[in-house]
Amino acid sequence: MAAPRPLYDAIGAGYTAGRREDPRIAAAIRAALGGAGSVANVGAGTGSYEPRDLHVVAVEPSAVMRGQRPRDRVPAVRGAAEALPLDDDAVDVALAVHSDHHWRDRHAGLRELRRVARDRVVLVNVDPGTHLRFWLTREYLPGLLDLVPAWLREPGAWAAELEAALGGPLEIRPIPVPHDCADGFYGAYWRRPAAYLDPAVRDAISVFHLLPGDQVAEAVARLAADLEDGSWAARHADLLAAEAHDVGLRMVIAGG
Ligand SMILES: C[S@@+](CC[C@H](N)C(=O)[O-])C[C@H]1O[C@@H](n2cnc3c(N)ncnc32)[C@H](O)[C@@H]1O
């Protein structure tokens, strides 16, 4: 049977219009890489958050994403997290940013990160147990929870699974998202709600491709109405005064 087409071959064409590395998040990731000399970036996409001063191996299943990598990034090797095309202990650090929620077998992919990394694994993603912290999910798109297995949404379940797959102890740090975050991921526009009304912004965020179209249309229409009549601003005056916000984004460091 032919291998299924990678998801990002279908949804990745508009990625770089909305997604680029945010320098503050990039600095936090670079600091977590420690004294590494080599890094495998798994689910490397278009090259965001790849350190320019280290030897990088980029692994990415989608040709559409590999094809959008800028010339100043190393070419990406075709491959998937579940079977990395690398030897045991091939690199100092295995890195995965905003990727593991897409892996077909997440546990196998995490084990692979551990296998190829001599020193440590650094993983950046949202803890699914925190999804309801973010107003967009809580108030407009609760259907997003259906995209995550119920057990993984239990408090502590995400960290426990990471520890089981990567080996402990783990360090898990919140990454507060700046109000003007340059990387347009799902939670990035927490203080710029009108951005979610823009189809080009939504196009660069997988959630909006994976949820049923009628759910997205209903949420967007309701958000537009709440922005228009001021009820969103009245409910979120605290956010409008904040510089950074915890939308559940976490840096996980295992080993090292
Ligand atoms: C949201 S993008 C993140 C890309 C990049 N790391 C970044 O931060 O911009 C998710 C990436 O994970 C990749 N991906 C999906 N399934 C994968 C798998 N099984 N193994 C490795 N990467 C995968 C997608 O093709 C896509 O490039």
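Read-outs throughout are calculated quantities, based only on the coordinates presented, and are distinct from any laboratory measurement. Here the structure is a predicted model, which is why all the values come from computation and not from measurement. Positions of Cβ are backbone-derived with ideal geometry, glycine not excepted, and every protein chain shown enters the neighbour counts.
For segment 114-256, what relative contact order do you get, as a whole percent, if you take Cα pairs closer than 8 Å and at least 6 residues apart? Contact order relative to length: 44 percent. Contact order, relative form, for the chain: 22 percent (alpha carbon pairs under 8 Å, 6 or more residues apart, mean separation divided by residue count). Along its three principal directions, the equivalent ellipsoid of segment 98-140 from the Cα gyration tensor extends over semi-axes of 28, 11, 7 Å, largest first.
Working note: Debye formula, equal point scatterers on the alpha-carbon atoms of segment 214-256, no solvent; log10 I(q)/I(0) at q = 0.14, 0.15, 0.28, 0.30 Å⁻¹ is -0.55, -0.60, -0.96, -0.98. Computed from Cα atoms, the angle from the helix 106-116 axis to the main principal axis of the chain rounds to 40 degrees. According to the calculation over all Cα-Cα pairs in segment 133-256, the P(r) per 5 Å bin from zero is 2, 9, 17, 20, 19, 16, 9, 5, 2, 1, 0 %.
Relative contact order for segment 29-137 using alpha-carbon pairs under 8 Å, separation at least 6, rounded to a whole percent? Answer for segment 29-137 is 25 percent.
This model, with +1 at the C-beta of Lys and Arg and -1 at the C-beta of Asp and Glu, gives segment 1-100 a dipole about its Cα centre of some 540 debye.
What ratio of Cα Rg to 2.2 N^0.38 Å holds for segment 1-99?
Details: Rg = 13.4 Å, N = 99, 2.2 N^0.38 = 12.6 Å.
Here the answer is 1.06, to two decimals.
If R0 equals 30 Å, the separation of the Cβ atoms of residue 225 and residue 147 corresponds to a calculated FRET efficiency of about 0.75.
If only the Cβ of Lys and Arg carry +1 and only the Cβ of Asp and Glu carry -1, the dipole of the chain around its Cα centre is close to 420 debye.
Restricting the calculation to Cα atoms, every distinct pair contributes to the Kirkwood radius of segment 22-172, found to be 16.1 Å. Backbone amide hydrogens, once placed in the peptide plane, bring residue 40 within less than 5 Å of 57, 93, 94, 95, excluding anything fewer than 5 places away on its chain. What separates the Cα centres of segment 144-163 and segment 168-228 is a distance of 20 Å. Computed from the Cβ-Cβ distance with R0 of 35 Å, the FRET efficiency linking residue 163 to residue 77 stands at 0.80. The distance between label points at residue 139 and residue 244 comes to 2.4 nm (points 7 Å beyond Cα on the Cα→Cβ vector). Running Debye on the chain with equal point scatterers at the Cα sites and no solvent, what base-10 log of I(q)/I(0) appears at q = 0.08 Å⁻¹? For the chain, the Cα-only Debye profile gives -0.31.
When each of the peptides 44-56, 200-212, 234-246 is scored by how many other beta carbons lie within 10 Å of its residues on average, the order from highest to lowest is 44-56, 200-212, 234-246.
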